[in-house]
Amino acid sequence: MRKLSAAILLLLLVSTAHAQWRQISSQSEPSTLRGLEHRYLVAEDSATGDRASLELAVFSTKSCRLRVIDQPSEPRVDLEEAISRGNFLAAVNGGYFDPDYRPIGLLIVDGTMIAPLQKARLLSGVLSASAKRVQISRVAEFSMAQKPDAAVECGPMVVDLGKSVRGLEPTRAARRTFAAVGAGDKAALGFCSDVTLADLSSILAAISIPDFKIQRALNLDGGSSSAFWFKRANGSAFSIAEQKPVRDFVAIVPR
């Protein structure tokens, strides 16, 4: 009984010690537009020594806005090709979709509703953009009265009120993409190397970016769908490709 109790205690201690993430490095590069930058961050779990890398396109809503790129029918191209067709500055993949590429959850493209809001445990938040702001709302908070030009319903919420969200899945690691908003006019689209949802939550709550403290972050479709693209100031691109075709992308464009 004592041995069993000791084993349980050790397991509890390991679980408690796990996921004490801290940022250990940060680099940045400018875009072609003032108010948008590419941030590369590395975070480390002090309990295990595991590391995760993050790519973020951090932007000011005073100079940039969000747009959803939809691919309702074949051929569905990859992010890099989709971005080449317009004046885009950065982008990630978007929301969930079923095997027939029908969107799962709310999808609004250029002010037109493509798919309605759904109630599901996983679909806990909405990333939306209007003429004046970008916001992440819990599903119960969201209203079409806001008249969004673009919106993607996804989830789970991984940061809320500047803190990590409890109860997220702690065992399955995968590539992740996400959207985040802070106080004032700052927001971001991002990509993270293989981590669990619980780890992503802890990492995003812990990272430090000048003038940008994440207040809310929403997980987007991850795993093989995850993709990130950023246009550098010299016109070249930094790109992480998805591993399968996706239904839609969320992009940053000039205001």
**Fill in**
Heavy-atom accessible area per residue of segment 135-218, all protein chains kept, 1.4 Å probe, expressed in Å², is 40
**Fill in**
Amide H contacts under 5 Å for GLN215, restricted to residues at least 5 apart in sequence or on another chain and with H modeled in the peptide plane, are VAL181, GLY182, ALA183
**Complete:** Under the Karplus relation with 6.51, -1.76 and 1.60 and θ = phi - 60°, whole-Hz ³J(HN,Hα) for segment 43-60, x at Gly and Pro, equal 10, 10, 7, 5, 7, 10, x, 5, 10, 9, 10, 10, 10, 10, 9, 9, 9, 9
**Using alpha-carbon coordinates, inclination of helix 197-206 to the longest axis of the chain, degrees** = 80
**Request:** State the Cα centre-to-centre distance between segment 216-255 and segment 170-201 in whole Å.
**Result:** 13
**Correct choice for volume of the Cα convex hull per residue in Å³ that was computed from the model, options (1) 118; (2) 224; (3) 133** = (3)
**Fill in**
Expressed in angstrom and rounded, the centroid-to-centroid distance over alpha carbons for segment 116-168 and segment 44-106 is 16
**Among 111-121, 35-45, 151-161, 97-107, the order from most to least packed when residues are scored by Cβ within 10 Å on average** = 151-161, 35-45, 97-107, 111-121
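When the helices in the chain are scored as -39500 (n - 2.57) per DSSP H run of 4 or longer and the sum is shared across all residues, what 222 nm value do you end up with, to the nearest 500 deg cm²/dmol?
Numbers: 3 runs with 31 residues, N = 255.
Calculated mean residue ellipticity at 222 nm is -3500 deg cm²/dmol.
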**Message:** Taking a virtual spin label 7 Å from the Cα of LYS163 along the C-beta vector, which residues in segment 198-230 bring their backbone nitrogen under 18 Å of it?
**Reply:** 198-207, 213-218
**Asked** Can you run phi through the Karplus equation (6.51, -1.76, 1.60; θ = phi - 60°) for segment 235-247 and list ³J(HN,Hα) in whole Hz, with x for Gly and Pro?
**Response** x, 6, 10, 9, 9, 10, 7, 5, 9, 7, x, 10, 6
**Request:** First compute the accessible area of the chain with a 1.4 Å probe, then give the percent of it belonging to carbon and sulfur atoms.
**Result:** 53
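Please work out the average accessible area per residue across segment 17-79, using the 1.4 Å probe convention, and give it in Å². Write out the running numbers ahead of the final one.
On the way: 3060 Å² over 63 residues.
Per residue, segment 17-79 has an accessible area of 49 Å².
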**Prompt:** Which residue, LYS231, LYS147, LYS186, tops the fluctuation ranking in a GNM of the chain built on C-alpha contacts under 10 Å?
**Reply:** LYS147
**Asked** Loop-only check: which chymotrypsin sites (Phe, Trp or Tyr not before Pro) in segment 171-240 are DSSP coil with at most 11 other Cβ within 10 angstrom?
**Response** none
**Asked** Per-residue HN-Hα couplings for segment 24-36, Karplus 6.51 cos²θ - 1.76 cosθ + 1.60 at θ = phi - 60°, whole Hz, x for Gly and Pro?
**Response** 10, 7, 8, 10, 9, 9, x, 9, 6, 10, 5, x, 10
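The values are calculated or read from the model by the stated rules, or taken from the named source; none is laboratory data. It should be emphasised that the depicted structure is a prediction, and the values quoted were computed from it without experimental measurement. Glycine gets a Cβ as well: all are built from the backbone with ideal geometry, and neighbour counts include every protein chain shown. Only protein heavy atoms, including side chains, enter the accessible area calculation; ligands, DNA and RNA are left aside. Shrake-Rupley method; radii C 1.70, N 1.55, O 1.52, S 1.80 Å.
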